[in-house]
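The values are calculated or read from the model by the stated rules, or taken from the named source; none is laboratory data. Treat the numbers as computed from the prediction; the structure is a model and nothing was measured. Cβ sites come from the backbone with ideal geometry, for glycine too, and all protein chains shown count toward neighbours. Remember, those area values only see protein heavy atoms, side chains included, never the ligands or the DNA or RNA. Shrake-Rupley method; radii C 1.70, N 1.55, O 1.52, S 1.80 Å.
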Amino acid sequence: MKRKINTVIFIILVSILLYIFPNHEINENSNELEINYIDVGQGNCTLIECDNEVMIIDGGDRSHSSKVVSFLKKKNIKNIKYMVASHFDADHISGLVGVFYNFNVKNVLSPDYQADTKIYKSFINAQEKEKSKVIHPIVHSEYKLGDAKIRILGPSSFKYNKDNDRSIVVKLEYGNTSFLFPGDAQKESESAMIYSGENLKSDILLAGHHGSKHSTNEFFLDEVRPKVTIISVGKNNRYNHPSDEVIERLNKRSIEILRTDILGDIKVISDGKKIRIKK
């Protein structure tokens, strides 16, 4: 009899939770950091959640905008504390326009330059309508996402000749675990980071510029020393990313390689001590 009563109580509690959170993915542990490297083809998009606070870094290209919005809605996200537009290439900011129109974006971290493109104008218009606070972060500045620390490692200048080198570079630290997001930063910006005095060491590196041979150079890798490198890249892309040179550099250092064109979305969970990867 007592067992039946307990079973009924359990069913009632589960029903209440499902009623309150009908489409919400309940984290295995609310005290954990969750990072989703979303497969947006030949582009970048990363969703980070910590202590019920949300950051999104880039949003992929126009063809994946609906997927990004759907992904966030499925997780019942309404507010985004930080949106990072690493730089203004279409394969990084197109999907962010849809995010503006579907979610409350409080702060936008973006580089301090302008682009003469339609997607840049659409991005700025959406940003102004949302009335988000715009921040052009400088190297060494810090922000908080729950118990996670966000540190800006680059660029050292927004006056680089190449827009890729103007990419905002984010290092995320949670407990003893760390993650690096370099956007499309290339050799010039990577070299500046090496000599910046910052600690580049990170457990997981998102390969710069989708595995282009002009990024993730050997000296940079030797400073970051990642255990895993994730490459966000489209299937059979016209740039032949990732390049053979980058794959060789990673293999030479016995760094595990995970690719979105092969695995799709990649989820990473950290409890501050250990990292779990769900492919």
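Some points to look at:
So that you can scan it fast, the table gives a plain yes or no per residue for (1) at pLDDT 95 or above; (2) part of a loop (DSSP other than H, G, I, E, B); (3) over 23 Å from residue 107 (Cβ atoms); (4) out of contact with any Leu (no Cβ under 9 Å at 6 or more places or on another chain):
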{"position": "19", "(1), (2), (3), (4)": "no, no, yes, yes"}
{"position": "22", "(1), (2), (3), (4)": "no, yes, yes, yes"}
{"position": "59", "(1), (2), (3), (4)": "yes, yes, no, no"}
{"position": "71", "(1), (2), (3), (4)": "yes, no, no, no"}
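- Restricting the stretch 216-236 to residues that are at pLDDT 95 or above and polar (S, T, N, Q) leaves a set whose member that is farthest from residue 164 (Cα to Cα) is 229.
- Selection from the stretch 88-118 of residues that are over 16 Å from the mean Cα position of the chain (by Cα) and among the hydroxyl-bearing types (Ser, Thr, Tyr): 101, 113, 117
- Filtered residue count, the stretch 95-111, keeping only those that are in a helix (DSSP H, G or I) and free of Cβ contacts under 8 Å to residues at least 40 places away in the same chain: 5
- Number of the exception - residue 174 against (1) in contact with a Lys or Arg (Cβ under 8 Å, 6 or more places away or on another chain); (2) more than 25 Å from residue 272 (Cβ to Cβ); (3) open to solvent by less than 50 Å² (accessible area, probe 1.4 Å): (2)
- For the stretch 32-89, filtered to residues that are in contact with a His (Cβ under 6 Å, 6 or more places away or on another chain) and on the phi < 0 side of the Ramachandran plot, the residue that is surrounded by the most Cβ atoms within 10 Å (Cβ to Cβ) is 44.
- Residue in the stretch 188-195 that is at positive phi and open to solvent by 10 Å² or more (accessible area, probe 1.4 Å) present: no
- Only one of the listed residues (143, 101) is open to solvent by 60 Å² or more (accessible area, probe 1.4 Å), modelled with pLDDT of 95 or more and not aliphatic (A, V, I, L, M). That residue is 101.
- Applying the criterion of being outside any loop (DSSP other than H, G, I, E, B), open to solvent by 10 Å² or more (accessible area, probe 1.4 Å) and of a type in the set (D, E, K, R) to the residues of the stretch 151-165, the residue that is nearest to residue 107 (Cα to Cα) is 151.
- Residue 148 being under 28 Å from residue 276 (Cβ atoms), in contact with a Leu (Cβ under 7 Å, 6 or more places away or on another chain), surrounded by 23 or more Cβ atoms within 10 Å (Cβ to Cβ) and in contact (Cβ under 8 Å) with a residue 12 or more places away in the chain: yes
- If you filter the stretch 219-263 down to residues that are touching an Asp or Glu at 6+ places or on another chain (Cβ under 7 Å), open to solvent by less than 60 Å² (accessible area, probe 1.4 Å) and assigned to a loop (DSSP other than H, G, I, E, B), you find that the one that is farthest from residue 205 (Cα to Cα) is 234.
- In the stretch 124-145, the residues that are small (Gly, Ala, Ser) and either closer than 19 Å to residue 96 by Cβ or touching a residue at least 60 places away in the same chain (Cβ under 8 Å) (or both): 126, 132
- Among the residues listed as 121, 201, 133, 213, the single one being more than 15 Å from the chain's Cα centre (by Cα), buried (at least 17 other Cβ atoms within 10 Å of the Cβ), modelled with pLDDT of 95 or more and among the basic types (Lys, Arg): 213
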